[in-house]
Every structure is written in structure tokens, then in C-alpha cells.
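The block underneath contains the structure these notes are about, expressed in C-alpha cells.
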Amino acid sequence: MDIIQKLNAQVEKINKEFEALKYENDSLKRQVEELKNRNDEHVRNSQDLLLKIDSTLALKGKGN
């Protein structure tokens, strides 16, 4: 009986650790998704700035 109780305690401990790690994993996945979204926004902003620079340079080139 003692061995069964020890094994049950270990299984319970492992289950708790698993649940905690699963929660942490979900949290990290959300953080990664948020970072991807922010990165995409920065990429779009950079592309917009490059287009503005290109159009400004093109207008200045025509003015010369």
C-alpha cells in the first residue's frame, strides 16, 4: 500500500507540474502572437516610410 500511495503522490505532483507548464506554454504562445503582430505592424510602417521616401525622392528628381 505504501508504494501505491507514493506512486499516486508522484503522479499527482507530475499532473500539477504538467498543468502549470501547460498554462505557462499557453501564456508564452499568446506573447509570441502579440510580438508577431507588433512585428508585422513595424514592418508595415517601415514599408510605408520607404514608399514615402521613394515618392519624395522621385518628386525631387522631377523638379531638378
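The values are calculated or read from the model by the stated rules, or taken from the named source; none is laboratory data. All values reported here derive from a predicted model rather than from experimental measurement. Neighbour counts run over all protein chains shown; Cβ positions are idealised from the backbone, glycine included.
A quick yes/no check of all residues on (1) surrounded by 10 or more Cβ atoms within 10 Å (Cβ to Cβ); (2) touching a Leu at 6+ places or on another chain (Cβ under 7 Å); (3) modelled with pLDDT under 95:
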residue	(1), (2), (3)
GLU19	yes, no, no
LEU28	yes, no, no
GLU41	yes, no, no
GLN47	yes, no, no
SER55	yes, no, yes
ASN64	no, no, yes
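All of LYS36, LYS13, LYS60, LYS6 fail the test of being in a helix (DSSP H, G or I), exposed (fewer than 10 other Cβ atoms within 10 Å of the Cβ) and either of a type in the set (A, V, I, L, M, F, W, C) or without any contact (Cβ under 8 Å) to a residue 12 or more places away in the chain (or both), apart from LYS60.
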